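Q: Just dropping this structure here.
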Amino acid sequence: METGSPETAGETRGDGHGEGHDEPVWTGLPRDLLRMRRLLLVVWLVPLTLAAGLLPGLLAGPAWAAFALLPLGLLLWGWPMLGRNWASWRYAERADDLLISRGVLWREETIVPYGRMQLVEVTSGPVARHFGLASVQLHTAAAATDARIPGLEPAEAERLRDRLTELGQARSAGL
Amino acid sequence: MTTPGTETDVPTENGKQPVVEQRLHPVTPLRRAWAPIAVLIGWAVHDPNQAQRQLTRLTTTTLLLGLAVCLIGGALYGFLTWWFTHFAVTDSELRIRTGLLFRRTAHIRLERIQAVDITQPLLARVAGVAKLKLDVVGTDKKDELAYLGEGHARALRAELLARAAGFAPETAHEVGEAPVRQLLHIPARVLAVSLVLTGATWGSLAAALVVPPVLWFATHSLWTVLATGVPLLGAAGASSVGRFISEYDWTVGESPDGLRIDHGLLDRTHETVPPGRVQTVRIVEPLLWRRRGWVRVELDVAGSSNSVLVPVAPREMAEAVIGRVLPGVTVPASLSRPPRRAGWCLPFWWRGYGIAVTDSVFVSRHGLLRRSLALVPHAKVQSVRVEQGPWARFKGLADVHVDTGANKTVTAGLRDAQEAAELLRGQAERSRTGRRDARPDRWMA
């Protein structure tokens, strides 16, 4: 359950000063994010399954209720997929850069040096707030930089934001 | 604010040193004088019958009256925009105040200037005025001072660059234009031959000759033929004659305040890129130029739309210029190719791929027929990414993307997965350390 607790990650981070090839300490995303995504999946697909099953089933005949299999299949397929996707996300703060790794089939790993950070953005929508989650996005001068951590506990998100801005100032390099 | 063109002294808030506010050149109001006439002509062309009927209905008096109203209105508008446009150079910024109803004040920080261009359209050349354009990152609307007297524009550019370079404000006036050392000049003949050898010209010309007749046989409608033929001919003209006119007399020079690029047959353009602003340099080698050993060099500067550094030059000369643009950079002769199994991901074209990493730049090539070699200084790398799709992972391959500040991404395609991971770590490290010996924003300070 406690995959992404900030305490475990907070202690061991960024010891190797100057050495870029120290093994990064990876942190996963909080379990709440997976719970939120699965809940959203259920909330959308269960009524859809019922509607797709009941409406044609009652109006056109029982055989047409097979339409319900489509959203049901999506639900059954999406449940483990969300889990795999959630498990694939991880990030690591090193002494001088931030690493983000994600993706199951299409894997992507991004490294952003702190000095290149132009802006750190913390956002959370109503649903995410209910689950106590916030996402952190980093912007550099390159729009292609895709450094986003989709769900963090607000305290961790704020800590990360403060740390990133602090490190960004210390190592500021701009363009 | 008395007579046009005078300078007014406005004391700064702390009363340290007066900021000298200036106005643009008095011909400026005329720059949009043609706009109402163009609108009228456009309307007449758009609907000729209607226009003729309207014209015959009008008497001479109403015509004159309308013309007078248009003229006076246009003149008033031009005059007012000119009257309410001021600019001033302070220690650290250029301020431009514009607007009659909606006031706008732009403060442009001088050390953040990415490029300064002086452009002179043909009519402006006749009138002896020039447009000064400043490129700053992050603004869509470019701030420009149009128009200034020709000499004034040059002096202002020199002053802006001197202040941006970090000269003391008192001496910035006297520094004057930095001396220029010419690096490269492209003869008109070479330019003409290179354009003849460009595939795009022939492609659009061939399309312009083939497509309209085919359409004529298919539809027998003059309008479809015209609607396709004219743009195609226009494209052919733009990529040959248009490029010749704009790239004529191309001169690249070097001065302490940056790289100078002057070009143009009718419209003259003088671009200046201060040191350390270049994010990416690309060497493009079209198929038909290869026998002659010619290349085209393009560069990316954040916030600037100008991209050509050298339209055509022999490879050695182009590499010498690149050595001046990115100090201490030599273009690597041999690149490492992707492993042979990359052919399973991208048949044939994988052969065009190749990368090299030197002390100062990351180099990546792609393209089989039209080779394009991109060089990114390590200091300019904003982020590094490795991407791997399912098929590439099955083959043990991955793509490495290097993002630069000019919103350009340089990709090293189809590397061995292990190598890509090392490249990712190594490049992040190099981009961090590469920044240490980069020059400061105020390069003379």
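The values are calculated or read from the model by the stated rules, or taken from the named source; none is laboratory data. Everything quoted here is computed from the prediction, not taken from an experiment. With ideal geometry, Cβ positions are generated from the backbone for all residues, glycine too; neighbour counts draw on all protein chains shown. Accessible surface areas use protein heavy atoms only, side chains included; no ligands, DNA or RNA. Shrake-Rupley method; radii C 1.70, N 1.55, O 1.52, S 1.80 Å.
Q: Residues of the stretch A:58-87 being open to solvent by less than 40 Å² (accessible area, probe 1.4 Å) and either in a loop (DSSP other than H, G, I, E, B) or within 14 Å of chain B (Cβ to nearest Cβ) (or both), which ones?
A: The one that is open to solvent by less than 40 Å² (accessible area, probe 1.4 Å) and either in a loop (DSSP other than H, G, I, E, B) or within 14 Å of chain B (Cβ to nearest Cβ) (or both): A:Gly61.
Q: When you go through (1) without any contact (Cβ under 8 Å) to a residue 40 or more places away in the chain; (2) surrounded by 16 or more Cβ atoms within 10 Å (Cβ to Cβ); (3) within 9 Å of another protein chain (Cβ to nearest Cβ); (4) of a type in the set (A, V, I, L, M, F, W, C) one by one for A:Ala157, which number turns out not to apply?
A: So the condition that A:Ala157 fails would be (3).
Q: What pairs can you find where one residue is in the stretch B:313-329 and loosely packed, with under 15 Cβ neighbours inside 10 Å and at pLDDT below 90, the other is in a helix (DSSP H, G or I) and of a type outside the set (A, V, I, L, M, F, W, C), and their Cβ atoms are less than 7 Å apart, with a gap of 6+ or different chains?
A: Matching pairs, first to second residue: none at all.
Q: Having 2 or more residues that are surrounded by 19 or more Cβ atoms within 10 Å (Cβ to Cβ) and touching a residue at least 60 places away in the same chain (Cβ under 8 Å) is the bar; report the strands (runs of 3 or more DSSP E) wholly within the stretch B:341-392 that clear it. Give the steps one after another, and end with the answer.
A: Working: elements: B:354-357, B:361-366, B:371-377, B:381-388.
Of the strands (runs of 3 or more DSSP E) lying wholly inside the stretch B:341-392, those with at least 2 residues that are surrounded by 19 or more Cβ atoms within 10 Å (Cβ to Cβ) and touching a residue at least 60 places away in the same chain (Cβ under 8 Å) span B:371-377.
Q: Confirm whether A:Leu55 is of a type outside the set (Gly, Ala, Ser), touching a helix residue (DSSP H, G or I) at 6+ places or on another chain (Cβ under 9 Å) and more than 14 Å from every other protein chain (Cβ to nearest Cβ). Spell out the reasoning first.
A: Details: of a type outside the set (Gly, Ala, Ser): yes; touching a helix residue (DSSP H, G or I) at 6+ places or on another chain (Cβ under 9 Å): yes; more than 14 Å from every other protein chain (Cβ to nearest Cβ): yes.
Spelling it out, A:Leu55 is indeed of a type outside the set (Gly, Ala, Ser), touching a helix residue (DSSP H, G or I) at 6+ places or on another chain (Cβ under 9 Å) and more than 14 Å from every other protein chain (Cβ to nearest Cβ).
Q: Follow-up question, since we're still on this one. Could you tell me which of the residues B:Arg365, B:Arg337, B:Arg324 is farther than 21 Å from B:Leu424 by Cα and more than 14 Å from chain A (Cβ to nearest Cβ)?
A: Details: B:Arg365 fails: farther than 21 Å from B:Leu424 by Cα; B:Arg337 fails: farther than 21 Å from B:Leu424 by Cα.
Residue meeting the stated conditions: B:Arg324.
Q: State all residues of the stretch B:128-146 that are at pLDDT 85 or above, crowded, with 17+ Cβ neighbours inside 10 Å and over 14 Å from the mean Cα position of the chain (by Cα); if no residue qualifies, say none.
A: Listed by number, the residues that qualify are B:Val129, B:Ala130, B:Lys131, B:Leu145.
Q: Still on this structure, I have one more. Is at least one residue of the stretch B:373-380 within 14 Å of chain A (Cβ to nearest Cβ) and in contact with a helix residue (DSSP H, G or I) (Cβ under 6 Å, 6 or more places away or on another chain)?
A: yes
Q: Among the residues in the stretch A:114-135, are any among the charged types (D, E, K, R) and within 14 Å of another protein chain (Cβ to nearest Cβ)?
A: Start the filter on the stretch A:114-135 by keeping residues that are among the charged types (D, E, K, R), which leaves A:116, A:121, A:129.
Narrowing the set further to residues that are within 14 Å of another protein chain (Cβ to nearest Cβ) leaves A:116.
For the stretch A:114-135, residues among the charged types (D, E, K, R) and within 14 Å of another protein chain (Cβ to nearest Cβ): present.
Q: Another one. What's the total number of residues in the stretch A:123-154 that are open to solvent by 50 Å² or more (accessible area, probe 1.4 Å) and more than 23 Å from B:Val384 (Cα to Cα)?
A: Total satisfying the criteria: 7.
Q: Kindly establish whether A:Arg171 is at the interface with another protein chain (Cβ under 9 Å from one of its Cβ atoms), under 18 Å from B:Ala428 (Cα atoms), surrounded by fewer than 21 Cβ atoms within 10 Å (Cβ to Cβ) and among the basic types (Lys, Arg). Step through it out loud before you land on a result.
A: Working: at the interface with another protein chain (Cβ under 9 Å from one of its Cβ atoms): yes; under 18 Å from B:Ala428 (Cα atoms): yes; surrounded by fewer than 21 Cβ atoms within 10 Å (Cβ to Cβ): yes; among the basic types (Lys, Arg): yes.
Here the answer is yes, as A:Arg171 does meet what is asked.
Q: Could you list all residues from the stretch B:239-254 that are surrounded by 17 or more Cβ atoms within 10 Å (Cβ to Cβ) and either in contact (Cβ under 8 Å) with a residue 60 or more places away in the chain or in contact with a His (Cβ under 6 Å, 6 or more places away or on another chain) (or both)?
A: B:Arg243, B:Glu247, B:Tyr248, B:Trp250, B:Val252, B:Gly253, B:Glu254
Q: Next question. Checking the structure you have, find out if any residue of the stretch B:264-280 is more than 14 Å from chain A (Cβ to nearest Cβ), among the hydroxyl-bearing types (Ser, Thr, Tyr) and surrounded by 16 or more Cβ atoms within 10 Å (Cβ to Cβ). Step through it out loud before you land on a result.
A: Looking only at the stretch B:264-280, we keep the residues that are more than 14 Å from chain A (Cβ to nearest Cβ), and these are B:264-272.
Okay, now just the ones that are also among the hydroxyl-bearing types (Ser, Thr, Tyr), so B:269, B:272.
Now narrow it down to the ones that are surrounded by 16 or more Cβ atoms within 10 Å (Cβ to Cβ): B:269, B:272.
Yes: one or more hits.
Q: In the stretch B:389-439, which residues are more than 8 Å from chain A (Cβ to nearest Cβ) and acidic (Asp, Glu)?
A: B:Asp399, B:Asp416, B:Glu419, B:Glu422, B:Asp437
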